[in-house]
Every structure is written in structure tokens, then in C-alpha cells.
Amino acid sequence: MKKSGKNSILIGFIVDWVAVGLLVLLFFVLNRYLPDPSVLFSERISVSAVSTPVASQEVTPASTPEADESIAEGTEPEVEPEEAEGSESTPVPEATEDSHELTLKEKFADKFSAETEITSTSYKSPNISVEISTVTEGEGNSLNTIYVADIYISDVTCLQTYINKGHYNSSAGYMGDLLSESGGVLCINGDFAACAGAGYIVKNGNLMRNDYAVNDVCVIYRDGTLACCSGEGFDAEAAVEDGAWQVFTFGPSLLDESGAALSEFAEKYSGISGTNPRTAIGYYEPGHYCFVVVDGRQPGYSKGFSMARLASFMEELGCTAAYNLDGGKTSQMMFRRATVNIPYDGGRYVNDIVLISDITAGDDNS
């Protein structure tokens with residue numbers, strides 16, 4: 001019986017050691033051939049993060065007292081959109097079709113014609129447009145007859161001046177001859193500055209005289225603009241350097257800077273402010289002008305304009321600037337060598353003319 005008990009103890013001891021050995025072997029196998037559980041866990045997290053689309057994530061705004069209150073009342077809180085930082089300092093530029101500045105020819109393309117078209121009162125070509133109209137006002141001995149030439153030019157070189165025999169000290173000549181020699185289509189008398197003892201003379205960009213004068217001055221620049229100013233302190237040489245194409249010395253200026261008619265004029269013009277035949281040049285914008293001749297001293301046909309009435313008439317035409325030229329018997333308009341108006345007492349010879357020339361037609365304007 002004692003031997004049998006010892007054998008049972010020994011068998012139990014052996015079984016225990018076998019069990020421990022199997023456990024050690026099992027641990028070795030698991031550690032050797034199975035992956036690390038921590039790696040499996042991290043890979044699972046990584047795959048889960050990649051497989052979640054960003055668009056499906058919802059952002060919940062932070063809770064505010066106002067939001068909590070609105071939620072408690074069963075309404076959605078209003079969330080104001082935030083402006084992008086710097087949006088106020090970055091204006092959106094306006095789209096423009098073309099920044100190209102139009103030439104006079106492009107600007108007034110609808111006024112010109114591809115071929116030269118001539119009637120008894122009009123002339124159109126690729127470069128100029130002239131239309132002459134007759135305006136009457138009043139009746140009886142107060143009747144007035146006014147001739148208005150509406151003018152568009154493609155370049156300022158179409159608006160020229162011409163002096164008889166090419167020098168301001170020359171004698172006067174027949175206007176028709178001056179127009180023919182110049183190659184012009186239309187003309188009016190000029191300022192007769194050549195016959196004055198002083199004054200500024202710039203013809204077609206050429207400075208001919210720069211003598212001081214108190215009369216108002218009219219300047220046409222190479223870009224087509226026209227401006228009037230006082231002759232006091234005027235410098236014709238400096239004006240030419242600034243682009244003066246023509247400078248007239250007679251006056252007065254008829255409109256103020258806003259285009260409104262002047263009703264009072266300087267004392268130096270008092271001798272010519274009464275009712276007389278008139279010649280004036282009007283300006284609308286660069287490239288658009290008018291020549292105006294008012295017949296006078298002929299009761300029943302045309303009485304004439306006072307200086308104030310001439311000014312108001314130029315305003316009525318819509319001019320933005322206007323300038324009085326020599327008048328009286330000198331006031332004349334010619335179109336292709338034919339006299340348009342009826343000058344008082346047959347008119348007189350003139351020393352200079354202001355003309356419109358078709359710069360591509362040469363001398364074929366008569």
C-alpha cells in the first residue's frame with residue numbers, strides 16, 4: 001500500500017511537469033507565428049480613417065447661449081456667413097471690351113462715306129462731312145438769315161487756315177481765289193489778324209507772330225480740342241509747344257466754361273457789340289465743329305445779330321465753346337467757290353480764311 005501511494009505522487013508530479021512544458025511550448029508557438037496584436041489594432045485604425053470620406057463629415061458649430069436658446073425654442077439658430085479675410089481690399093476689376101482710344105475717323109465713322117458724295121449743300125468723303133443749312137428767325141425788318149455749316153473731320157489737318165500769298169503782311173485777296181489755292185471745300189473769313197498791328201498768329205502749326213494782344217484768343221490743338229482764353233499773358237510759342245494748330249486773335253469768346261452764353265463783354269468789344277453781320281466758329285467736341293455766318297444790315301432779308309444774340313444762338317446749337325471772328329462786310333461763307341451767303345455791300349477782300357480741306361482729294365474740290 002505504501003508503494004502504491006508513492007507511485008501516485010510520482011505520476012502526479014510528472015503530469016504537472018508535462019503540463020508546464022506544453023504551456024511553454026504553446027506560448028513559444030503563439031509568439032513565433034502569430035502577428036503582434038498591437039500592429040493589428042493600429043492597422044485597423046489606419047484603414048478606418050482612410051475609408052471615411054471627408055464630405056460625409058459634419059461640423060457642429062460651437063454652442064452659444066443664443067444657439068442654445070433658439071434650440072430650446074425649437075428653431076434653428078441663424079449663422080451669419082463669414083467674409084473671407086482681405087475681401088474688402090481686393091476689388092473685382094470691371095470687364096472692358098477694349099481700352100483702345102478711338103481716332104476721330106473711327107469715332108465719327110458713320111458721318112463719313114466710302115466714296116465722295118457732293119450736293120449743292122453737302123460734301124462727304126472718307127475724311128470729312130459738311131452739311132450747310134439755312135436758319136431764319138423773326139419777320140419783317142427783324143428777319144434774320146443765318147447759315148450754319150455742320151462739320152465733322154477725321155483729322156485736325158482737315159481744319160486749316162490760309163493766308164493770301166502765304167504771309168500776314170501781304171495784301172487782301174478775293175476769297176474764292178484763296179479757297180481755290182488752298183484746295184479747300186468750305187471756308188469762312190478768318191480773324192484778319194494779319195491786318196492788325198499786333199496779336200498772335202499761328203497758322204497750321206506754324207508760329208508767325210507772337211505779339212502781345214488784349215483780345216480774347218481762340219486755340220485749336222492738334223488733338224482737335226478748342227479752347228478760348230484771354231490774350232493777356234498768352235504765349236503763342238508755348239502754345240505751339242503744347243500742340244496748338246491754329247491761334248486766332250479777334251473775339252470775344254461767346255460761351256463760358258459750362259457752355260452757357262455770355263451776355264456781357266469787355267469794354268474793348270463795345271464798338272462791335274451792336275447789331276452787325278457775324279462770323280463765328282463753334283465747337284462741340286474734338287472733330288466736330290460748325291461755321292456760322294449771319295447776314296446783316298439788309299432790312300427785310302437779314303438784320304444781323306448783336307454779340308449777345310450771337311452767343312445765345314451758339315448755345316442753342318449745342319456748342320460747348322464758340323468764338324467770334326471778324327464781321328461786317330468781311331462776313332462770308334464759300335462752298336466749292338460759290339458764295340453761300342449774301343455779304344453786306346458785296347463783301348470785301350480778305351487776308352485769311354478758315355477752311356475745311358479733304359486731305360486726300362488734292363485740288364479737286366472746286
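As a summary of the residue check, residue 355 satisfies the conditions (1) at pLDDT 95 or above; (2) assigned to a loop (DSSP other than H, G, I, E, B); (3) under 18 Å from residue 173 (Cβ atoms); (4) not polar (S, T, N, Q) except for the one numbered (2).
Residue-by-condition table, conditions (1) farther than 23 Å from residue 136 by Cα; (2) more than 27 Å from the chain's Cα centre (by Cα):
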site: 235; (1), (2): yes, yes
site: 252; (1), (2): yes, yes
site: 263; (1), (2): no, yes
site: 267; (1), (2): yes, yes
site: 282; (1), (2): no, no
site: 289; (1), (2): no, no
site: 293; (1), (2): no, yes
site: 302; (1), (2): no, yes
site: 332; (1), (2): no, yes
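Table: residues versus (1) out of contact with any strand residue (DSSP E or B) (no Cβ under 7 Å at 6 or more places or on another chain); (2) acidic (Asp, Glu); (3) in contact (Cβ under 8 Å) with a residue 12 or more places away in the chain.
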site	(1), (2), (3)
277	no, no, yes
285	yes, yes, yes
290	no, no, yes
300	yes, no, yes
310	no, no, yes
314	no, no, yes
318	no, no, yes
327	no, no, yes
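For residue 194, indicate whether it is crowded, with 21+ Cβ neighbours inside 10 Å, at pLDDT below 95 and in contact with a Phe, Trp or Tyr (Cβ under 6 Å, 6 or more places away or on another chain). So residue 194 passes the test.
Among the residues of the stretch 269-285, are any part of a helix (DSSP H, G or I), surrounded by fewer than 16 Cβ atoms within 10 Å (Cβ to Cβ) and out of contact with any Pro (no Cβ under 8 Å at 6 or more places or on another chain)? Looking for residues that are part of a helix (DSSP H, G or I), surrounded by fewer than 16 Cβ atoms within 10 Å (Cβ to Cβ) and out of contact with any Pro (no Cβ under 8 Å at 6 or more places or on another chain), one finds at least one in the stretch 269-285, hence yes.
Across the stretch 132-169, the number of residues qualifying as of a type outside the set (Gly, Ala, Ser) and part of a strand (DSSP E or B) comes to 19. The set of residues from the stretch 180-238 being among the charged types (D, E, K, R) and farther than 14 Å from residue 323 by Cβ comprises 181, 203, 209, 211, 222, 223, 232, 235, 237.
Here the condition is being among the polar types (S, T, N, Q), out of contact with any strand residue (DSSP E or B) (no Cβ under 8 Å at 6 or more places or on another chain) and farther than 16 Å from residue 354 by Cβ; of 230, 273, it holds for 273 alone. Of all residue pairs spaced 6 or more apart or on separate chains, those with beta-carbon atoms under 6 Å, a first member in the stretch 238-266 that is in the same structural domain as residue 223 (by TED's automatic domain parsing) and a second member that is among the basic types (Lys, Arg) are 243/222; 245/222.
Any residue at all in the stretch 292-302 that is within 20 Å of residue 217 (Cβ to Cβ), outside any strand (DSSP E or B) and of a type in the set (Asp, Glu)? No; the residues of the stretch 292-302 include none that is within 20 Å of residue 217 (Cβ to Cβ), outside any strand (DSSP E or B) and of a type in the set (Asp, Glu). For the stretch 212-239, taking the residues that are touching a Gly at 6+ places or on another chain (Cβ under 8 Å) and of a type in the set (Gly, Ala, Ser), the one that is modelled with the lowest pLDDT is identified as 213. Of 143, 186, all but one fail to be closer than 24 Å to residue 337 by Cα and not charged (D, E, K, R); the exception is 186. One residue stands out among those in the stretch 197-214 that are surrounded by fewer than 24 Cβ atoms within 10 Å (Cβ to Cβ), outside any strand (DSSP E or B) and not acidic (Asp, Glu): the one that is farthest from the chain's Cα centre (by Cα), which is 197. Anything in the stretch 116-136 that is among the acidic types (Asp, Glu) and within 28 Å of the chain's Cα centre (by Cα)? List them, or say none. Within the stretch 116-136, just 131 meets the criteria.
The values are calculated or read from the model by the stated rules, or taken from the named source; none is laboratory data. Treat the numbers as computed from the prediction; the structure is a model and nothing was measured. A quick note on method: Cβ atoms are made from the backbone with ideal geometry, for glycine too, and the neighbour counts reach across all protein chains shown.
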